[in-house]
1. Mind listing whichever residues of the stretch 346-366 are open to solvent by less than 20 Å² (accessible area, probe 1.4 Å), in a strand (DSSP E or B) and either in contact (Cβ under 8 Å) with a residue 60 or more places away in the chain or out of contact with any Gly (no Cβ under 7 Å at 6 or more places or on another chain) (or both)?
2. I'm trying to understand the selection: among the residues of the stretch 127-141, which are free of Cβ contacts under 8 Å to residues at least 60 places away in the same chain and either polar (S, T, N, Q) or open to solvent by less than 70 Å² (accessible area, probe 1.4 Å) (or both)?
3. Those residues that are over 29 Å from F20 (Cβ atoms), open to solvent by 30 Å² or more (accessible area, probe 1.4 Å) and in contact with a helix residue (DSSP H, G or I) (Cβ under 7 Å, 6 or more places away or on another chain), I need them from the stretch 65-87; list them, please.
4. Looking at V270, is it within 23 Å of N337 (Cα to Cα), touching a residue at least 60 places away in the same chain (Cβ under 8 Å) and among the aliphatic types (A, V, I, L, M)?
5. Restricting to the stretch 45-75, give me the number of residues that are of a type in the set (G, A, S) and either in contact with an Asp or Glu (Cβ under 6 Å, 6 or more places away or on another chain) or modelled with pLDDT of 90 or more (or both).
6. Inside the stretch 282-303, can you point out the residues that are open to solvent by less than 50 Å² (accessible area, probe 1.4 Å) and either without any contact (Cβ under 8 Å) to a residue 12 or more places away in the chain or under 35 Å from the mean Cα position of the chain (by Cα) (or both)?
7. Listed residues F110, F136; which is at pLDDT below 85 and among the hydrophobic types (A, V, I, L, M, F, W, C)?
8. Would you check if L324 is among the hydrophobic types (A, V, I, L, M, F, W, C) and either open to solvent by 50 Å² or more (accessible area, probe 1.4 Å) or closer than 15 Å to E232 by Cα (or both)?
Amino acid sequence: MKKTISAGFKGFWIHILIWFLFICYEVVAVGLMVGAFGHPVNYISHYLITIGVFYLSALLVLPFAFKLKAHMLWRAPLGVALLFLIFLLANYYTDLLMIDWHFANRSEGFSLTWAYSSKILYRWIYVFGFSAAYFFLKNYLVERDRAEEMEKQRLERVIEEERIKQALSKAQNDFLKAQINPHFLFNTLDFIYHSISELSQEASQAVMTLSEMMRYAVDSGDLDDTVSLGEEIEQIEKLIYLYQLRKNMELKVMSYFSDQAMGLRFIPLVLLTLVENIFKHGDVGHALHEIRIIAVVEDGELVIETSNAVNLIRSGAGGTNAGLKNIGQRLRFAYGNDIGFHFGREGELFVTRIAVPVSRILHQGERRELLTTNLN
């Protein structure tokens with residue numbers, strides 16, 4: 001903003017300087033040629049007319065004449081004629097005032113004659129020529145700056161595309177490398193499961209549950225895809241089961257998932273991340289507050305809510321809530337910026353709430369199916 005104002009003042013003072021030098025040159029040159037100088041008021045009045053018509057032509061009439069090429073043939077002559085008429089009459093009546101106020105000397109019977117009009121016409125051509133040159137030069141500079149800006153934007157897009165291509169290539173390589181690790185992990189878990197199945201049914205079941213959960217997480221790695229919410233709820237129940245094993249089935253968990261909610265297709269790893277966040281950061285063993293996990297359809301919206309007791313020790317250490325913020329970004333990207341997503345502390349509880357219109361969830365699914373069909 002400051003740069004724009006500064007540039008405006010700079011251009012303003014350049015105009016004043018040029019007009020000052022031009023007027024000084026004309027007054028001195030004509031005065032020396034004629035051998036006499038006029039009254040300052042006479043000079044000021046006529047140069048105000050010249051300057052006014054100059055900018056009227058450059059900033060209003062010529063832009064109007066050349067705005068539409070289809071109308072240029074009649075707009076341009078009409079505009080030039082009107083400008084000359086204004087210039088002629090302004091100079092004539094100013095001369096009359098100068099004579100009446102004794103700022104100029106004229107012969108008797110001063111009137112609007114052809115000779116006077118011819119002299120003004122000569123002056124008009126002179127002024128209009130400079131005005132037209134200024135108009136076209138200004139337009140040229142504007143178009144040049146616009147072309148340079150467009151070229152700059154094009155180069156920035158090319159650079160950004162190259163950066164995206166490099167990032168995509170790196171991501172593909174990382175994905176190929178990452179595929180090796182899950183494969184090794186699943187094989188190892190399968191070996192552990194068979195090794196301990198005869199020793200402890202509970203331990204082997206825990207290994208199998210963990211393996212199924214991790215396989216689901218890997219298979220759902222494409223965050224642009226959708227999964228049945230019922231499938232994710234199955235993984236949540238497995239996650240709760242694993243934590244219950246660690247706590248000797250003493251955790252108090254209240255969960256409710258309506259059939260209508262479980263039948264919807266939703267972006268993956270949202271509800272699973274919320275529940276995992278409870279066990280990671282919450283006080284899951286609180287004597288008074290149970291863990292609550294709800295997914296229902298209410299008033300045309302899919303509503304997902306979780307609540308748990310705040311872990312006062314971890315809460316005091318602070319946190320970035322990066323996982324929750326990431327969920328918010330994914331939800332807004334998939335379903336729009338105005339979806340409901342809130343999280344925060346409410347008394348002794350930490351509460352999260354998601355509200356997404358069912359119509360948008362269904363629309364996204366239909367759009368994805370149509371895109372898949374077109375690609376195939």
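1. Within the stretch 346-366, T352, I354, V356 qualify.
2. G129, A133, N139, L141
3. Once the filter is applied, which keeps residues that are over 29 Å from F20 (Cβ atoms), open to solvent by 30 Å² or more (accessible area, probe 1.4 Å) and in contact with a helix residue (DSSP H, G or I) (Cβ under 7 Å, 6 or more places away or on another chain), the stretch 65-87 yields F66, M72, R75.
4. On the way: within 23 Å of N337 (Cα to Cα): yes; touching a residue at least 60 places away in the same chain (Cβ under 8 Å): yes; among the aliphatic types (A, V, I, L, M): yes.
Answer is yes for this residue.
5. The number of residues fulfilling the criteria is 4.
6. A295, V296, V297, G300, L302, V303 - these are the residues of the stretch 282-303 that are open to solvent by less than 50 Å² (accessible area, probe 1.4 Å) and either without any contact (Cβ under 8 Å) to a residue 12 or more places away in the chain or under 35 Å from the mean Cα position of the chain (by Cα) (or both).
7. Within the list F110, F136, the selection yields F110.
8. no
The values are calculated or read from the model by the stated rules, or taken from the named source; none is laboratory data. Keep in mind that this is a model prediction, so the values were computed, not measured. As a convention, Cβ positions derive from the backbone with ideal geometry for all residues, glycine included, and neighbour counts pool all protein chains shown. Surface accessibility is based on the protein's heavy atoms, side chains included, excluding ligands, DNA and RNA. Shrake-Rupley method; radii C 1.70, N 1.55, O 1.52, S 1.80 Å.
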